[in-house]
Amino acid sequence: MPSIKDNKQPTKYIFVSGGVISGIGKGTTSASIALLLKAAGYKVAPIKFENYLNLDAGTINPIEHGDPFLCEDGTEADMDIGTYEKFLNEDMGQANFVTMGNIYQTVIDRERRFEYNGEDVEAIPYITDEIISRVEGLGKKTGADIVMIELGGTAGEYQNIFTTKHLA
């Protein structure tokens, strides 16, 4: 379905963050909101951020975190990505699932290639800039009216500071 957005309107962002416990249904809530927005004619692009330093969900103990969801492009993601696929009837992939491990690896790889021209590479601005780049990149790649950002974990986890402080 084509977007109802006028191309001159900026992309909007919706953040979904947890309370004090994990596994309370943020993924289902986010997917439900995305489905309602899609039904209203908006182009919605979901993205899930996980706090862990693993590069994907494929090697995480499924008893602790749940089974990983295998995307069509080979991305081993959190089960919430599967919920987005089911609710929105759209394939999700690498652009929809980000771990802090992905972010740090990207920044470190750039540093090793001397892309920062010898600058001191620190969390701020390099990590936060990479997070913003992922969110904005997904919006541009998909032509989204709204990017739905789900923050894995809980509101009190210090790892969410990088995402929430600089995107909001």
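Remark: pairs (first residue in the range 60-78, of a type outside the set (Val, Ile, Thr); second residue surrounded by fewer than 18 Cβ atoms within 10 Å (Cβ to Cβ) and part of a loop (DSSP other than H, G, I, E, B); Cβ separation under 6 Å; 6+ apart in sequence or on different chains) = 68/58; 71/93; 72/91; 73/93; 76/58.
Of the residues that sit in the range 61-77 and are in contact with an Asp or Glu (Cβ under 9 Å, 6 or more places away or on another chain) and of a type in the set (A, V, I, L, M), which one is nearest to residue 148 (Cα to Cα)? Show your work before the answer.
First pass over the range 61-77, keeping only residues in contact with an Asp or Glu (Cβ under 9 Å, 6 or more places away or on another chain): 65-66, 68-73, 75-77.
Cutting the leftovers down to of a type in the set (A, V, I, L, M) gives us 70, 77.
Numbers: 70: 20, 77: 16 Å.
By that ranking, first place goes to 77.
Within the range 17-54, the residues that satisfy the criterion of being modelled with pLDDT of 90 or more and either open to solvent by 20 Å² or more (accessible area, probe 1.4 Å) or farther than 20 Å from residue 138 by Cα (or both) are 28, 29, 32, 33, 35, 36, 37, 38, 39, 40, 42, 43. When the residues of the range 78-88 are filtered to those that are open to solvent by 70 Å² or more (accessible area, probe 1.4 Å) and modelled with pLDDT of 95 or more, the one that is nearest to residue 147 (Cα to Cα) is 87.
Return the total of residues in the range 89-132 being open to solvent by 60 Å² or more (accessible area, probe 1.4 Å), among the polar types (S, T, N, Q) and under 17 Å from the mean Cα position of the chain (by Cα). Break it down into steps so the answer makes sense when it comes.
Taking the range 89-132 and keeping what is open to solvent by 60 Å² or more (accessible area, probe 1.4 Å), we get 89, 91, 94, 104-105, 108-115, 117, 119-120, 122, 124, 129.
Add one more test, that the residue is among the polar types (S, T, N, Q), and what stays is 89, 94, 105, 117.
Imposing the further condition that a residue be under 17 Å from the mean Cα position of the chain (by Cα) reduces the set to 94, 105.
Number of matching residues: 2.
Every condition in (1) assigned to a loop (DSSP other than H, G, I, E, B); (2) of a type outside the set (A, V, I, L, M, F, W, C); (3) at pLDDT 95 or above holds for residue 156 except the one numbered (3).
The values are calculated or read from the model by the stated rules, or taken from the named source; none is laboratory data. Note that the structure is predicted; figures quoted are calculated from it, not measured. All Cβ positions, glycine included, derive from the backbone under ideal geometry; neighbour counts span all protein chains shown. Just the protein is used for accessible areas: all its heavy atoms, side chains included, with ligands, DNA and RNA removed. Shrake-Rupley method; radii C 1.70, N 1.55, O 1.52, S 1.80 Å.
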